[in-house]
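Structure, as structure tokens:
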Amino acid sequence: MKIALAQINPTIGAFEYNSRKMLDFIKTAKAKKAELVIFPELSLVGYPPLDLLEKESFVKDNLKYLKQFSSHIQDIAVICGFIDKNGGKSGKEFFNSLAFISNRKIIAKHHKVLLPSYDVFDETRHFEPGVKLHSALFHQHTFALSICEDIWNDKDFWKHRLYPKDPVADFFQRKKAILINISASPYSINKLGLRRKMLSAISKKYKVPSFYVNQVGSNDELIFDGGSFALDEKGKLIAQCSDFKEDLVMVDLEEKTGEKHAISTSSLEEVYKALLLGIQDYVRKCGFKKVLLGLSGGIDSALTAALATDALGKENVIGILMPSKYSSQGSIEDAKTLAKNLGIKTELIPIHSLFDSYIESLTPVFKNENSQLTQENLQARIRGNLLMALSNQWGALLLTTGNKSELGTGYCTLYGDMSGGLAVLADVPKTLVYELSRYMNLKTPVIPENSITKPPSAELRPNQTDQDTLPPYDQLDQILKAYIENLEPIAKIVKKGFSQSLVKDIVKRIDRNEYKRRQAPPALRISYKAFGIGRRLPIAQQYQESEEYQ
């Protein structure tokens with residue numbers, strides 16, 4: 001029996017588009033003699049649909065398109081994801097479901113049993129959990145049907161389990177079957193290896209082959225890396241889809257062989273591909289064609305421009321140079337060199353006169369008050385206004401260029417450099433910005449070396465550097481990771497070799513700048529804990545760790 005793993009990039013709510021895409025993949029699978037095609041979780045709908053589920057028409061349309069889609073399934077079987085109604089008298093209205101379709105009919109269904117409500121997930125908000133794994137008999141093979149989180153609770157793999165029951169263990173205590181898991185598992189660095197290791201442990205434990213099909217693509221902040229695969233009963237890899245792009249691979253169930261397509265070989269390559277996919281899909285799915293961004297000559301704007309150019313093509317990226325009286329000639333030349341290397345269009349709009357006009361208007365009100373910080377922020381806000389005006393005029397999406405280190409500590413200006421529609425680097429710490437820049441330059445040296453080597457500076461006052469206000473980024477990023485991603489208390493971070501006063505200062509900055517992050521554009525997520533959808537903290541709060549944790 002030949003099985004096709006169909007790794008697709010659906011668009012949320014685009015039922016017609018998603019249906020056609022699946023039918024195209026089915027046509028290809030038929031040509032390759034496949035008898036069964038497996039698509040990802042909620043493949044008809046797109047994941048995550050969030051509060052679109054509260055629209056009565058949304059679920060009805062999903063069921064209408066499932067019926068239409070099923071009517072085209074002939075001479076091949078298909079597994080796909082959809083939203084089913086809960087016909088019971090209690091509980092949430094809907095199930096996150098799987099349909100096994102053969103000869104134009106749904107021959108089996110499965111409702112997701114384990115519903116995640118942590119980090120970026122909130123499935124218990126709308127979905128009712130299923131009771132157990134269901135199975136389907138097809139071509140004399142029994143298939144155990146599961147959806148994403150259903151396989152993430154093995155007591156022998158996880159030290160701490162999130163759910164009291166394990167539907168996979170419950171199923172295999174009763175019968176033997178081939179395990180199928182359709183998934184929409186978001187990307188974070190090195191997560192593909194974790195998924196494979198986890199499912200390999202399950203295959204070996206129950207001595208069953210496993211087929212795992214993951215969504216690929218980006219929806220808002222979330223990036224899905226794909227990386228679908230098949231394992232034999234010993235947990236050995238027999239087939240593999242590429243990561244970060246649509247793909248279809250064939251698996252011969254009896255021969256235990258399959259196609260293995262190349263995936264990333266390093267975390268830097270993963271992050272590069274993830275950010276490109278995040279830019280491409282956000283721009284395309286939101287209906288834009290072009291993007292613009294401010295070019296300062298610094299490393300962050302340089303990397304953002306280089307990524308955008310690789311993602312969208314040089315003809316769709318516009319760089320705006322907005323020098324002030326504090327901008328060094330070197331930075332202006334670095335920005336011009338970058339644009340030339342990338343082949344992107346640029347516009348030059350000096351802000352000297354605008355800044356002077358603002359100061360002239362404000363001086364009578366400020367009187368003799370110290371306005372140094374206000375003047376720095378004012379320059380950023382002038383630039384933000386100009387960029388948004390151009391975005392409006394050209395219908396181009398404005399990309400912000402700030403990194404995670406800046407956003408974490410509040411080293412950014414609301415309605416200034418934070419203005420925009422997508423924050424490309426907001427989950428990329430400064431140290432990783434440098435690594436990614438050098439990684440991109442290995443292929444083609446487009447980012448000027450001076451942008452990488454010179455001391456980072458916002459250039460909002462004479463001789464300014466980031467380290468006037470922040471500790472060195474190699475120290476700062478370690479503290480940020482410990483506090484934000486690992487949720488470590490101050491005392492534990494101090495034991496890593498940092499002074500208590502430094503750690504307390506950084507933690508204070510992180511906590512008090514939540515109000516800024518709440519107003520930031522969507523940030524492409526690449527880490528286990530990014531700012532945005534997966535990190536929910538109150539703005540108006542005054543909690544401080546007790547002394548024993550400091």
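From the list THR444, THR431, which one is surrounded by fewer than 16 Cβ atoms within 10 Å (Cβ to Cβ) and among the β-branched types (Val, Ile, Thr)? It would help to see each step written out before you state the result.
On the way: THR431 fails: surrounded by fewer than 16 Cβ atoms within 10 Å (Cβ to Cβ).
The unique qualifying residue is THR444.
Hey, could you check region 163-191 for residues that are in a strand (DSSP E or B) and over 25 Å from ASN219 (Cα atoms) and say which is nearest to the chain's Cα centre (by Cα)? If you could, list the steps in order and put the result at the bottom.
Initial filter on region 163-191 (in a strand (DSSP E or B)): 178-183, 186.
Checking which are over 25 Å from ASN219 (Cα atoms) leaves us with 178-179.
Values: ILE178: 30, LEU179: 27 Å.
Once the filter is applied, the top-ranked residue is LEU179.
Within region 192-221, track down each residue that is under 12 Å from the mean Cα position of the chain (by Cα) and in a helix (DSSP H, G or I).
Listed by number, the list is empty, since nothing qualifies.
Yes or no: region 528-540 includes at least one residue that is without any contact (Cβ under 8 Å) to a residue 12 or more places away in the chain, over 22 Å from LEU422 (Cα atoms) and surrounded by 13 or more Cβ atoms within 10 Å (Cβ to Cβ). Even if it seems obvious, please write down each step before you answer.
Of region 528-540, the ones without any contact (Cβ under 8 Å) to a residue 12 or more places away in the chain are 536, 540.
Subsequent filtering for residues that are over 22 Å from LEU422 (Cα atoms) retains 540.
Next cut, surrounded by 13 or more Cβ atoms within 10 Å (Cβ to Cβ) only: none.
No.
Which numbered condition trips up PHE100, out of (1) surrounded by fewer than 14 Cβ atoms within 10 Å (Cβ to Cβ); (2) over 29 Å from GLU485 (Cβ atoms); (3) not hydroxyl-bearing (Ser, Thr, Tyr)?
Every condition holds for PHE100 apart from (1).
Residues GLN329, GLN393: which one is at pLDDT 95 or above and over 30 Å from LEU222 (Cβ atoms)?
Numbers: GLN329 fails: at pLDDT 95 or above.
Only one candidate passes the filter, namely GLN393.
Out of region 19-45, which residues are buried (at least 19 other Cβ atoms within 10 Å of the Cβ), of a type outside the set (A, V, I, L, M) and either in contact with a Gly (Cβ under 6 Å, 6 or more places away or on another chain) or without any contact (Cβ under 8 Å) to a residue 40 or more places away in the chain (or both)?
Matches in region 19-45: LYS21, GLU41, SER43.
Restricted to region 222-238, and to residues that are touching a Gly at 6+ places or on another chain (Cβ under 7 Å) and surrounded by 24 or more Cβ atoms within 10 Å (Cβ to Cβ), which residue is farthest from ALA177 (Cα to Cα)?
Here is the first cut: in region 222-238, the ones touching a Gly at 6+ places or on another chain (Cβ under 7 Å) are 223-224, 230, 238.
From what's left, surrounded by 24 or more Cβ atoms within 10 Å (Cβ to Cβ): 223-224, 230.
Numbers: ILE223: 31, PHE224: 28, ALA230: 14 Å.
Once the filter is applied, the top-ranked residue is ILE223.
Applying the selection to region 350-392, what residues are surrounded by fewer than 12 Cβ atoms within 10 Å (Cβ to Cβ), part of a loop (DSSP other than H, G, I, E, B) and not acidic (Asp, Glu)?
Hits for region 350-392 are LYS367, ASN368, ASN370.
For region 302-320, name all the residues that are assigned to a helix (DSSP H, G or I) and either closer than 7 Å to ILE344 by Cβ or not polar (S, T, N, Q) (or both). Break it down stepwise before answering.
Of all residues in region 302-320, those assigned to a helix (DSSP H, G or I) come to 302-312, 314-316.
Once the filter is applied, which keeps residues that are assigned to a helix (DSSP H, G or I) and either closer than 7 Å to ILE344 by Cβ or not polar (S, T, N, Q) (or both), region 302-320 yields ALA302, LEU303, ALA305, ALA306, LEU307, ALA308, THR309, ASP310, ALA311, LEU312, LYS314, GLU315.
The values are calculated or read from the model by the stated rules, or taken from the named source; none is laboratory data. Keep in mind the model is a prediction, meaning the values are calculated, not measured. For neighbour counting, all protein chains shown are included, and Cβ atoms are generated from backbone atoms with ideal geometry for every residue, glycine included.
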